[in-house]
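The values are calculated or read from the model by the stated rules, or taken from the named source; none is laboratory data. Everything numeric in this text was worked out from a predicted model, so none of it was measured. Counting neighbours? That spans all protein chains shown, and the Cβs are built from the backbone with ideal geometry, glycine included. These accessible areas exclude ligands, DNA and RNA; they are computed on the full protein's heavy atoms, side chains included. Shrake-Rupley method; radii C 1.70, N 1.55, O 1.52, S 1.80 Å.
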Amino acid sequence: MYEGPVQDLIDELGRLPGVGPKSAQRIAFHLLAADPADIGRLQDALQKVKDGVVFCDVCGNVSAEATCRICRDPRRDLTLICVVEEPKDVLAVERTREFKGRYHVLGGALDPLSGVGPDQLRIRQLLTRIGTEVSEIIIATDPNTEGEATATYLVRMLRDFPGLTVTRLASGLPMGGDLEFADELTLGRALSGRRSM
Ligand SMILES: [Zn+2]
């Protein structure tokens, strides 16, 4: 245990996902030794992330404007929608460079035990997006229990749309895992080998 502000900083850093006590300590001491200008930029970035980030009103991804960069891009294929749980999953799929359609971010996965039902996710918004131009929905929820439950639910909801193909990422992704941790090659393969539901 350190005294006062240093320990407070270590404690706060340690609450971030993926940061263990050792990393928290290392980051804290890095910041202590850092140039004040660097700290200022970090402070600014932290402040702006709360004040300036909005969610895209089409897909739910984090965005700097009312509609995100991907939804505004006229080169993206309007017939394809890739459904993911979180904005970080959009980045994971983008990294594969295999997908040229647009996204729909649910904002989580079905988890009744934690009180997350269909109404807590952006499922209704997804259904309203399916007009005449969408021909395929790729379900790319995480390969774990909640992700599978969400996929099953979505397949049931999407079944009755005429002419709509619903696909799921091919197996090969590590079960129980998180989409964002899959490497680009594995995720790219899972995407190109997706199967119809
Ligand atoms: Zn968007």
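Here are some notes:
- Qualifying residue in region 78-88 (condition: in a helix (DSSP H, G or I) and within 30 Å of SER135 (Cα to Cα)): yes
- So VAL116, is it without any contact (Cβ under 8 Å) to a residue 60 or more places away in the chain, more than 18 Å from ARG168 (Cα to Cα), out of contact with any Pro (no Cβ under 7 Å at 6 or more places or on another chain) and assigned by TED's automatic domain parsing to the domain that holds TYR153: yes
- Residue within region 89-96 that is of a type in the set (D, E, K, R), in contact with a Leu (Cβ under 6 Å, 6 or more places away or on another chain) and in a helix (DSSP H, G or I) present: yes
- Sub-9 Å Cβ pairs linking a first residue in region 55-82 that is closer than 26 Å to ARG195 by Cα and among the acidic types (Asp, Glu) to a second residue that is more than 10 Å from the ligand (Cβ to nearest atom) and in a loop (DSSP other than H, G, I, E, B), at least 6 apart or interchain, are ASP77/PHE99; ASP77/LYS100; ASP77/GLY101, ordered by first then second residue.
- Exactly one residue out of LEU126, LEU154, LEU113 is within 16 Å of the ligand (Cβ to nearest atom) and assigned to a helix (DSSP H, G or I): that is LEU126.
- Looking only at region 95-106, residues that are open to solvent by less than 50 Å² (accessible area, probe 1.4 Å) and at pLDDT below 95 come to 2 in all.
- Residue that is farthest from LEU127 (Cα to Cα) [pool: residues in region 75-94 that are open to solvent by 40 Å² or more (accessible area, probe 1.4 Å) and among the aliphatic types (A, V, I, L, M)]: LEU91
- Candidates ARG72, ARG97, filtered to the one that is near the ligand (Cβ under 10 Å from one of its atoms), over 24 Å from TYR153 (Cβ atoms) and basic (Lys, Arg): ARG72
Listed here are the residues, each with its yes/no results for (1) at pLDDT 95 or above; (2) within 30 Å of ASN144 (Cα to Cα); (3) within 16 Å of the ligand (Cβ to nearest atom); (4) in contact with a Ser or Thr (Cβ under 7 Å, 6 or more places away or on another chain).
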| residue | (1), (2), (3), (4) |
| --- | --- |
| VAL19 | no, yes, no, no |
| ARG26 | no, no, no, no |
| LEU31 | no, no, no, no |
| LEU42 | no, no, no, no |
| ALA45 | no, no, no, no |
| LYS50 | no, yes, no, no |
| VAL53 | no, yes, yes, no |
| SER63 | no, yes, yes, no |
| LEU80 | yes, yes, yes, no |
